[in-house]
Amino acid sequence: MALATLDDILEARRRIHGITVRTPLLPCPWASDGERSLFLKPENLQLAGAFKIRGAYNRMSALSQRERARGVIAQSSGNHGQALAYAARILGVKAVVVMPDTAARVKIEATRAQGAEVLLVPPEDREKVTGRLAEEQGYVVVSPFDDPHIIAGQGTVGLEICEDATALGLELDTVLVPVSGGGLISGVAAAMKLQRPEVRVIGVEPEFAADARESFHSGQRVSWPAAETGRTIADGLRISSVGALPFEHIQAYVDDIITVRESDIRATVAVLAREGHLIAEPSGAVATAAYLYQPDALPAGRVYASVVSGGNIDPAMLVDLLTQ
C-alpha cells in the first residue's frame, strides 16, 4: 500500500485551511524537572473537540459530486462521527454515523446536534452494520483511520509540531501520540520522519486495549475482542485492531508503542485540567500519561511533545476524575 507523502500532507493542509484550528505547541513548566521538558499539542481545542476534523474534512472535500449526492456513513466511538457530521454539514452532504451503544452520551448528542443520523448498535456490530447499510443505501464509507486522505489530514498535526518546534528553537527528541485505529499516529509519524527523521515517534495506548502494541512487536496485525478493549476508560481507543494502511505506516515510521495503566489515564485527565488548564477526555490524555507516569518506558531525551487528541468528556466523568 502507498504510504502518505509529504506532498499528500501539504495538500491536506491546503484543503483544510480555514476549516480547522491551527493549535499551538504549549510549554508545560509544571511538567518539567530540569532534565526533561514537555510541550503539548492541544487538539482538544480543535473544532468538534478533537483532531478528527482534519482527516474527516480532507476526505469529505475530496469526494466527487456524485459521491456527495449518495451521502456518507462511518462507524465511530464519537469523535470521528462528530467530525464527519461537522464536515458533512459544511459541504451539504447527508451523514449517517454508526456508534456503539456504550458511547459517551456527550459524543452521541454532539454528533446528532451537527445534523447526522446516529444509529446505536452493540460495539461488536459496528463494522457489520456500517457495511450492510452502505451496500443497501449506497452510502460512501468514510473510515475513521484506514484511508489515505484521513491519514494525510491527521498528518497536518505533525507538520505543525515540526514548524512550531523549529520556531521555538526546540531540539525535539520524542513525540508521543495516542493510538486507536492508527490514523493519527500514521499521519504524525509520516510528517515527522519525512522532515526530521531523528525525532522518535512513540505510540501510546491503554494496557486494556493494547492491540496496536502487540501488533507492532509481533510484526502482524492482531485483533482484540470488544469485551477486552471495552474495559478501558479511554472509549476512543477501544478499536479492536489498527487498520491495514495505518499498520503499514506504523511499521515504516513508528519507533515503539507502549501502554499506560488505567489509573495513570485517570490521574492525567485531572492533572491536565488542574495544571495545564486543558479539558482532555481519557483517550486524549494517554500520551501525556506516558510522559508523567511511565518515564522508564520512554527513550531517553530532554524535549518531548505530546498530542492531547481530544476533549469530548462527559461532565460527570470529569467531575469524578477531578475529585478522586
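Can you tell me the relative contact order of the chain? Whole percent, Cα pairs under 8 Å, sequence separation 6 or more.
Working: 709 pairs, mean separation 69.7, N = 324.
Here the relative contact order equals 22 percent.
A simple packing score, the average count of other Cβ atoms within 10 Å per residue, orders the peptides 159-165, 17-23, 101-107, 84-90 as 84-90, 159-165, 101-107, 17-23, with the highest score first. Taking the charge dipole of segment 53-141 about its Cα centre, with +1 at Lys and Arg Cβ atoms and -1 at Asp and Glu Cβ atoms, the residue from Val97, Ala110, Leu63 reaching farthest to the positive side is Leu63.
Segment 63-117 and segment 283-314 have Cα centres lying 28 Å from one another. Basic side chains Lys and Arg get +1 at the Cβ, acidic Asp and Glu get -1 at the Cβ, and with that the dipole of segment 183-324 about its Cα centre reaches some 300 debye.
Suppose each label sits 7 Å from its Cα in the direction of the beta carbon; what would the Arg70-Leu91 distance come out to in nanometres? According to this spin-label approximation, the distance is 1.3 nm. Look at the dipole of the chain built from charges on Cβ: of Ala165, Pro178, Gly311, the Cα furthest out on the positive end belongs to Gly311. Averaging the Cα positions of each part gives two centres, and for segment 197-238 and segment 122-137 these lie 23 Å apart.
Of all lysines in the structure, the ones whose alpha carbon falls short of 23 Å from that of Lys107, not counting any fewer than 8 places away in one chain, are Lys41, Lys52, Lys94, Lys128.
Highest mean packing comes first when the peptides 213-225, 272-284 are listed by Cβ atoms within 10 Å, giving 272-284, 213-225. Normalised by the number of residues in segment 53-141, what is the relative contact order in percent for Cα pairs under 8 Å and 6+ residues apart? It rounds to 32 percent for segment 53-141.
Overall, the anisotropy analysis places segment 53-141 in the oblate class: the square-rooted eigenvalues a ≥ b ≥ c of its C-alpha gyration tensor yield a/c not less than 1.5, with a/b not exceeding b/c. Helix-only arithmetic for the chain: the sum of -39500 (n - 2.57) across DSSP H runs with n ≥ 4, divided by the residue total, places the mean residue ellipticity at 222 nm at -13500 deg cm²/dmol. Sequence-distant contacts, meaning Cα pairs under 8 Å at least 6 residues apart, place the relative contact order of segment 18-58 at 37 percent.
Once the Cα atoms of helix 244-253 and of the chain are each reduced to a long axis, what angle between those two axes, in degrees from 0 to 90 to the nearest 10, is obtained? Roughly 20 degrees between the two axes.
When only the Cβ of Lys, Arg, Asp and Glu is charged (+1, +1, -1, -1), the dipole of segment 53-141 relative to its Cα centre reaches about 380 debye. A simple charge model with +1 on the Cβ of Lys and Arg, -1 on the Cβ of Asp and Glu and nothing else charged puts the dipole of the chain at about 1000 debye relative to its Cα centre.
DSSP beta bridges fully contained in the chain are about 10 percent antiparallel. Of the residues Ile257, Ile185, Ile108, the one with the fewest other Cβ atoms within 10 Å heads the list, and the complete ranking is Ile108, Ile257, Ile185.
Each value in this text was obtained by applying a stated rule to the coordinates, not by laboratory testing. The shown structure was predicted, so the numbers you read here are calculated from the model rather than taken from an experiment. All Cβ positions, even for glycine, are placed from backbone atoms using ideal geometry, and neighbour counts span all protein chains on display.
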